[in-house]
Amino acid sequence: MNSTTEVVKVSAEGQEMLNQSTSAARTRVDGPYAKYVLAVLLLMAIFNFIDRQILAILAEEIKADLGLSDSDLGFLYGTAFAMFYAVFGIPMGRLADSWVRTRQISLSVGFWSLMTVLSGMAKGFLPLAVCRFGVGIGEAGATSAGHSLLYDHFSPKVRTTVIGIYSSGAVIGGGLGLFLGGAILAAWNNTWPDPSLAPFGLTGWRAAFMLVGLPGVLLALLISTLKEPVRGQAEGLSTEINAKSIVTPATPHPLRTLIMEMLPMLPGINLWLLQREGAGLKAQWLNLGMGLGLVLAVVGLIQVTGDSLQWLALGIGLYCIFSWAQVLICRDPVCFGMIFHCKTVRYLILFFSLNTFSGSAVGFWMIPWFQRYFGASAEEVGTVLGLSGAVVGLIGMILGGVLADRLRQHTKRGKLYVALGASLLWLLATVFMLSAEDVFVAYALAIGAGWIGTMGAAPVASTVNDLMLPRTRAIAMALFIMGMYLGIALGPYSVGLLSDSLTAVGNDSSEALRYSMLLSLIISGVSMAFLLLATKHVVADEDSRLERARALGEDV
């Protein structure tokens, strides 16, 4: 039976357990309150990306003020944020599967907003990096929990559209981040050309961080008033299910739960946990081998590039993720198997990671490139690309979701067909943009690429959710997003490093940046091979979802 038309039946005992442990409310699926929750979470996603993307428009000012290199900027935008997001996203995803999601999202929004404000007080590269670490940690607690929350408020027939609307916050926020950053920067510098005369002696880029971060604290309070829905209330399954297959009782000790999910990432403790969980010596030796291999790789890369913080952060992050996954196999083999034994999910994680490598690199560096290559001001770039990006990105996200839902009615591959078309057209538009010699043509192609590229995000994320059990969705999205942020950790930094290298041998900085972005697009081309493989397997994997869960030991 098609999973989109099946009905959930939860035991009375399981429902009572959920209501008592979480004070969850059974709200009307697809109803007015569900739409209100979607609106609030969309606002959260907008603030998320304003705080994240504003660094791109402030990059040239920060570089000049703090004396940074392109690789330093790539680290701040990519690795500093992405690796902490990826590492903390995993335990935060597990926490979202077992705690009150509205409370977790509220605390996360408040924390990352505070770290954005503190970014404006940073006096050097390292303090600014620490603030970016904090922004990554805060945002890690909100995204996967938001996806899980929306899946319990909306029925399967509209979920891709809903995820598209929610995901549009990324492009709206990213666009507004560029616009607001450029506008604040210009207004502040015009009003106080001498920073010593400005309030508190702040320069424009510092004021921009503070002004966009403060409203997030108020948003956190609004999110705290949202009702926590019953998990699985909008789900479709054909057989009566043990309550634990749909829900995990809310933990009364969230901090303890978070710590327990972090312990597998700690060297030494992870080996003890593997032994306690009965993993055997083979798993422990594999962990040690992975650790040693990463140490050697990190030392070698530091010797080649001279960037210690970049490779230390990446190496530690990869080791933490690997160690956590090893323990997950023992603690929750069903969750591990539904994610890592599913070919479609594996291929989609690889696709999104590689595609994000190129997408994040171009998305960040094209802002300084317009400034260097065409001599555009930060205010001009922020206005043109920021405002237009917010509008066309919103259209693209929603259009991609609606189109995917409609195609899904005709073929189970419909969602991924939309993603494949969007990825290919984005790649072509970006190549032409970086080859343009006229600023207006380049702007038009950048806007077109932004519109087309956003159409594939919701269909891919929705497909991953479709292949999961309700109780594993938040952690699945955390791992999916983790893969994406590994791409972000490497993409902007790699382009910045290559740009520095080309500039050092005599190339103009704008040309060096253009060549570096063009080369990064090769990775995007490779990523589409994995999307094709996912398209090949998605029908079989969706049809066998319950059978795979039963084979792994789930009581469904």
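Can you report the number of residues in segment 516-551 which are within 14 Å of Asn355 (Cα to Cα) and of a type in the set (Ser, Thr, Tyr)? Residues meeting the conditions: 3. Test Ala361 against the criterion of being in contact with a Phe, Trp or Tyr (Cβ under 6 Å, 6 or more places away or on another chain), at pLDDT 85 or above and under 30 Å from Thr503 (Cβ atoms), and give yes or no. So Ala361 fails the test. Exactly one residue among Leu286, Leu273 is modelled with pLDDT under 85, more than 30 Å from Leu498 (Cα to Cα), in the same structural domain as Ala325 (by TED's automatic domain parsing) and assigned to a helix (DSSP H, G or I), and that residue is Leu273. Among residues of segment 411-423 that are within 20 Å of Trp451 (Cβ to Cβ), those with a Cβ under 8 angstrom from a residue that is outside any helix (DSSP H, G or I), sequence gap 6+ or separate chain, pair up as Tyr417/Thr411. Within segment 373-382, the only residue that satisfies the criterion of being surrounded by fewer than 19 Cβ atoms within 10 Å (Cβ to Cβ) and either at pLDDT below 85 or within 18 Å of Ile62 (Cβ to Cβ) (or both) is Ser377. If we scan segment 430-451, do we find a residue that is closer than 16 Å to Ser353 by Cα and hydroxyl-bearing (Ser, Thr, Tyr)? Among the residues of segment 430-451, not one is closer than 16 Å to Ser353 by Cα and hydroxyl-bearing (Ser, Thr, Tyr), which makes the answer no. For segment 427-444, state whether one or more residues are under 24 Å from Ile172 (Cβ atoms) and within 19 Å of the chain's Cα centre (by Cα). No, the conditions are met nowhere in segment 427-444.
Suppose we filter Ala457, Ala449 for residues that are buried (at least 23 other Cβ atoms within 10 Å of the Cβ) and more than 30 Å from Asp543 (Cβ to Cβ); which single one remains?
On the way: Ala457 fails: more than 30 Å from Asp543 (Cβ to Cβ).
Within the list Ala457, Ala449, the selection yields Ala449.
Of the residues making up segment 402-417, just one is of a type in the set (Val, Ile, Thr) and within 18 Å of His537 (Cβ to Cβ), namely Thr411.
Which is more than 20 Å from the chain's Cα centre (by Cα), at positive phi and in the same structural domain as Tyr493 (by TED's automatic domain parsing), of Gly375, Gly382, Gly414? Full working, then the answer.
Details: Gly382 fails: at positive phi; Gly414 fails: at positive phi.
Of Gly375, Gly382, Gly414, the one residue that is more than 20 Å from the chain's Cα centre (by Cα), at positive phi and in the same structural domain as Tyr493 (by TED's automatic domain parsing) is Gly375.
For segment 308-330, filtering for residues that are surrounded by 18 or more Cβ atoms within 10 Å (Cβ to Cβ) and either basic (Lys, Arg) or within 19 Å of Ala80 (Cα to Cα) (or both) leaves 10. From the list Leu318, Leu354, the lone residue that is over 17 Å from Ala444 (Cα atoms), under 18 Å from the mean Cα position of the chain (by Cα), part of a helix (DSSP H, G or I) and not assigned by TED's automatic domain parsing to the domain that holds Leu180 is Leu318.
The residues listed here are Glu261, Glu235; of these, the one that is at pLDDT 65 or above, crowded, with 21+ Cβ neighbours inside 10 Å and among the acidic types (Asp, Glu) is Glu261. The one condition from (1) in a helix (DSSP H, G or I); (2) out of contact with any Asp or Glu (no Cβ under 9 Å at 6 or more places or on another chain); (3) buried (at least 20 other Cβ atoms within 10 Å of the Cβ) that Ser98 does not meet is (1). Restricting Arg159, Arg206 to those that are in a helix (DSSP H, G or I), within 30 Å of Tyr33 (Cα to Cα) and in the same structural domain as Ala419 (by TED's automatic domain parsing) reduces the list to Arg159.
The values are calculated or read from the model by the stated rules, or taken from the named source; none is laboratory data. All values derive from a computational prediction rather than experimental measurement. Glycine also receives a Cβ, built like all others from the backbone with ideal geometry; neighbour counts cover every protein chain displayed.
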